[in-house]
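> Mind having a look at this structure? Questions to follow.
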Amino acid sequence: MISFVALLISCGTPAEPDVQWEHFGAPFAVAQAVPAATVLADPGAHASGPVRVRGELTQVCQKAGCWAVVRDDAGHDIRVTMADHAFGIDKDTVGRACDIEGRLIDKAVDPARLEHYASEGATAHPEAGREHAWELVATAVAVAEG
């Protein structure tokens, strides 16, 4: 039987002393996370393949954990959706550090979708006031515990 720690290491979960990580979704395929500030400064430069982003969770879907908002150190935000609704993250993870792996896509902003997010607990929308916005479609998420 594989231990929880061995499972986390095999998933490529961030290895930081004194921090426990909870992993959701597929194992990480990208070895190192890039700070969210680097990615959000030029999302298009990171859109050609999978990217692993490190930031802070500021919002999480309160219905199913199927979307979140990640903030960088400069206060820039990006919406994260879980690929194909294949998994969700814990709803009580706001304020925690995270590593999120997925693909960046440039999407048209749909007001009805923003209303849907609001019905699930969104208090602000990174997409607000735009016609297009970058979104990170996640295949793997690790969240620092407690």
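Rule-based calculations on the coordinates, nothing more; no lab input. Since this is a predicted model, take the numbers as computed values, not measurements. Ideal geometry is used to build each Cβ from the backbone, glycine not excepted, and the neighbour counts take in all protein chains shown.
> Loop only by DSSP, 15 or fewer other Cβ within 10 Å of the Cβ. Give me the GluC sites (Glu not before Pro) in region 45-144 that pass, ordered by residue number.
Hits after loop and neighbour filter: GLU131.
> If r is the Cβ-Cβ distance from VAL19 to ARG103 and R0 is 25 Å, what FRET efficiency results, to the nearest 0.05?
0.45
> Would you compute the Debye intensity of region 68-146 from its alpha-carbon atoms alone, equal scatterers and no solvent, and pass along log10 I(q)/I(0) at q = 0.15, 0.17, 0.25, 0.27 Å⁻¹ to two decimals?
So the normalised log intensities work out to -0.53, -0.69, -1.52, -1.65.
> Kirkwood Rh over Cα pairs of region 40-80 into Stokes-Einstein at 4 °C, 1.567 mPa s: D in µm²/s?
This corresponds to a translational diffusion coefficient of 115 µm²/s.
> Hey, any idea what Rg/Rh is for region 4-144, computing Rh the Kirkwood way over Cα pairs?
0.94
> Quick one: THR123, THR93, fewest Cβ neighbours within 10 Å first, how do they rank?
Result, fewest neighbours first: THR123, THR93.
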